[in-house]
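> Structure provided below as structure tokens; questions to follow.
All of the numbers you see were taken from the coordinates with simple rules; none came from a lab. No experiment lies behind these values; they were computed from the predicted model shown. When we count neighbours, we look across all protein chains shown, and the Cβ atoms used for this are built from the backbone with ideal geometry, even at glycine.
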Amino acid sequence: MSGFNLAELMPFYLDETDEHIAGLNDALLRLEQDPADARALQEAFRMFHSIKGASVVMGFDPVNRLTHHLESLFEQLRSKKRQLGRPDLELTFRCLDTLRDFHRDLRAHGQSPTDLSALTAEVEAAVRGAPAPPATAAIATEPPPIVPAPVSVPISAPASPPPAACFDESGRVTVTVVFESNLPLADMKARLVLNRLSSRARVISTDPPVEKLDEVDPLSRFTVVLAADAAADELRALADVEGVAEIRVQSAEQSRAPKPELEPQPEPGAVEPATSDAAAPDESPAPAAAPEAPAPAAAAHHSRKPRVAETIRVDSDRLDHLMNLAGELVITRARFVAIARGLEELFRGSGAQAELPRVREAREQVKALAEAIHGLGRVSDGLQKGVLDTRMVPIGPLFERFRRVIRDLSVSSGKEVNLKIGGEKTELDKRMIDELSDPLIHMVRNAVDHGLEPPAEREAAGKPRGGTVTLQASHRGNSVVITVSDDGRGIDCERIRKKIVSKGLVDEGPARELSDRDLVAYIWHPGLSTAETITEISGRGVGMDIVKARIENLSGAVDVRSVLGQGTTFTIRLPLTLAIMSSLLVRIYDETYAIPLDHIDEIVEIRPEQVYRVQGRPAIEIRKRIVALTSLGDVFRWGGRPHPASPNGHAGPTPETNGAGHPDDSHSKRIVVVVQNGETTIGLLVDELIGMQEVVLKSLEKNFRSISGLSGASILGNGRVSLILDLDTVIDMVGR
């Protein structure tokens, strides 16, 4: 196993740790309700133990030390040696938040500046029953600047740097360990030795170099050159791990090579003494590696921190389905090859006498080709759906995170808040779920801070003391709809009216004519907040415009409905995936456009006498409902010309428009695609219906530039580019 590399384990370690942290949050919320819940105590103990064991393998000593003490704390709780109180609960919640931040940095940057030492000291003091170190002690005096110790892969350990005295460069020490013969995983043992030594001294160089440990087979010895003032016995004890047969510690001559400069760093905390369980293979403390500095080139190599690869867990049945489809694809390919050979042989010869049988054979081959193409289409459709299914994950885990968010908001605001969750099995593209977290958090925070009233005010209004925030997800056609609602005070439209006038957004006269729906839409305006006071949660007038932008970047739309005194509901509408979209292809003028199917209500044909003028604009009546009629000429300034032939085959301008972008009342039937965005419906005039097709969405912003009203583009089977309409924006533009 000489090719073993810790970097390969990083994604799995992060995924597993994220799951454990989410599970720990859930267990702590249950313990907050019932501190004697034995099952929750056991689950928390087990998950802390799992994180501890995984951190040892990866060499993350700060995580190992913190979770070791948390494990000890919960061992006392489950063995009834102590009772869970509010201080222990709050301390554990803070530990989980810090661990989450630490691992989030690892995933994003391959390293983390998060310091766990202060929390480790607090938990250790709690385990011993001693008073926790005062939080202000660390800032009583101005500390020297801290240079975060990066986590390098494959060494990958956020370092716990030794005291500044250990960086005394008056001399160097060489530590050489000789491994037992045929020692399995000797490269991991070498990294463990390096990690332990780096907790007491600065690493100058190693032999063999760390990045080449995997290539040395067998690895019989490992040498580390250190800058340290530590005693030889102390270094020997650190290097003494299982599998080491001999340890040599000796002084080395001062190297003339330029030394990489490192700023002195304060000690984050004392190294935990060895415990009785340290000998266990999955639990032995493994101090983290300090930034290795064998040479400038190596330092440059480690400074480039690649983003940790994302992983996703896929049900094995879905992978089996993909494997079967891949097999069918191979069979279909073989059939195409056979048909191509048959056609080649068929037309290879010539001669008048053979023409008639050759034509009959050609017809049979063409028929077989059509069948093969049909089979290929069936397999490719299944393969496409199967690949999309592998990216789909339930939204439930995302919703469950908000139990902790609601708990923290309830404590900080002094309000009683209940969380209701529905539709947690609704599946959505994993990347979209990752991007949804921040917008949803902002909406939930606003619901608690702006929406819900204090308990006394709710009672005075005849409501229950506890307010309710609801998270709901559901499928609607090819879209997922997520709602965030509360039963609070609702949005005061008169307050918004005063705000927009005072900020100069709208003059007082026009502001009086705005409807409640128009006024509510101003909450998306940057810098506008109706909060009377600024709190830690919200009220600074930032965020809602960013929330809307983030959702629109996901090809989604967000709408808000509010009833004064009853509550507010935010509705987010998203496509199932960002990759492929079911669309209706239409011709408008001389170009092909794709209209997302989930926005289409129906397709109708109208005659000129069915077009009315409502407030000077064309409209039609469909089943006693007035629908505004529009063309793309009303929305875009493109200088385009109508197609020279009408849909009915007449020459001349397209009959849908009269040159000004409005319907002309002088010709026969028109085709109207009735589209909606959940709240507003319009009729879009088109020249021709081409048909339904799955289109692969390509970004306009990355390949050209962002254009309002277009969500992207796709390449059709004939090689032409089809623009994909962003109907939410188009409908908004028509309304303006």
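> Where the only charges are on Cβ atoms (+1 Lys, Arg; -1 Asp, Glu), what is the dipole of segment 1-134 about its Cα centre, to the nearest 20 debye?
460
> Please give the charge dipole size of segment 415-575, origin at the Cα centre, charges +1 on K and R Cβ atoms and -1 on D and E Cβ atoms. Round to the nearest 20 debye.
120
> Counting other Cβ atoms within 10 Å, keep those with at most 15, restrict to DSSP loop, and tell me which trypsin sites (Lys or Arg not before Pro) in segment 421-468 are left.
Here the trypsin sites (Lys or Arg not before Pro) that fit, given the DSSP loop and packing criteria, are K425, R465.
> Students often check this: by mean Cβ neighbours within 10 Å, which of 679-686, 436-443 ranks highest, and how do the rest follow?
Going by the mean number of other Cβ atoms within 10 Å, highest first, we get 679-686, 436-443.
> What is the spin-label model distance, in nm, from R720 to E621 if the labels are put 7 Å beyond Cα along the C-beta direction?
3.8
> Same structure again: Quick check: pseudo-label points 7 Å beyond the Cα along Cα→Cβ at D434 and E513, how many nm apart are they?
It works out to 4.8 nm between the two label points.
> To continue, here is another question. Multiplying the sequence separation of M692 and E90 by 0.36 nm and subtracting their Cα-Cα distance, what value in nm do you get?
211.2 nm
> Can you pull out the GluC sites (Glu not before Pro) in segment 427-489 whose DSSP state is coil and whose Cβ has at most 11 other Cβ atoms within 10 Å?
none
> Using a Förster distance of 30 Å, how high is the FRET efficiency between A125 and V411, based on the Cβ-Cβ distance and rounded to 0.05?
0.80
> Let me ask another. Ranking request for peptides 503-514, 237-248: highest mean number of other beta-carbon atoms within 10 Å first, then the rest in descending order. Let's see the in-between values first.
Numbers: 503-514: 11.9, 237-248: 15.4.
Put in order of decreasing packing, that is 237-248, 503-514.
> Quick one: length gained pulling E679 to V614 fully straight, 0.36 nm per residue minus the C-alpha distance?
21.5 nm
> Ok, one more. Take F179, F48, F704 and order them by how many other Cβ atoms sit within 10 Å, fewest up front.
Listed from fewest to most nearby Cβ atoms, that is F704, F179, F48.
> Using a/c under 1.5 as the rounded threshold, could you call segment 1-134 rounded, prolate or oblate? The axes a ≥ b ≥ c are square roots of the C-alpha gyration tensor eigenvalues, and prolate needs a/b larger than b/c, oblate otherwise.
prolate
> Now for a separate question. Based only on Cα atoms, what mean projected area does the convex hull of segment 59-126 have, in nm²?
Numbers: hull surface 18.3 nm².
That works out to 4.6 nm².
> Residue separation times 0.36 nm, minus the C-alpha to C-alpha distance between E459 and S699: what's the value?
Numbers: separation 240, 0.36 × 240 = 86.40 nm, distance 5.10 nm.
Using 0.36 nm per residue and subtracting the Cα-Cα distance, I get 81.3 nm.
> Any idea which of A54, H68, G23 is furthest toward the positive side of the dipole for segment 1-134, if Lys and Arg beta-carbons carry +1 and Asp and Glu beta-carbons -1?
Sorting the options by dipole projection puts first H68.
> Report the rotationally averaged projected area of segment 177-222 based on its alpha-carbon convex hull, in square nanometres.
One quarter of the hull surface, i.e. the mean projection, equals 3.0 nm².
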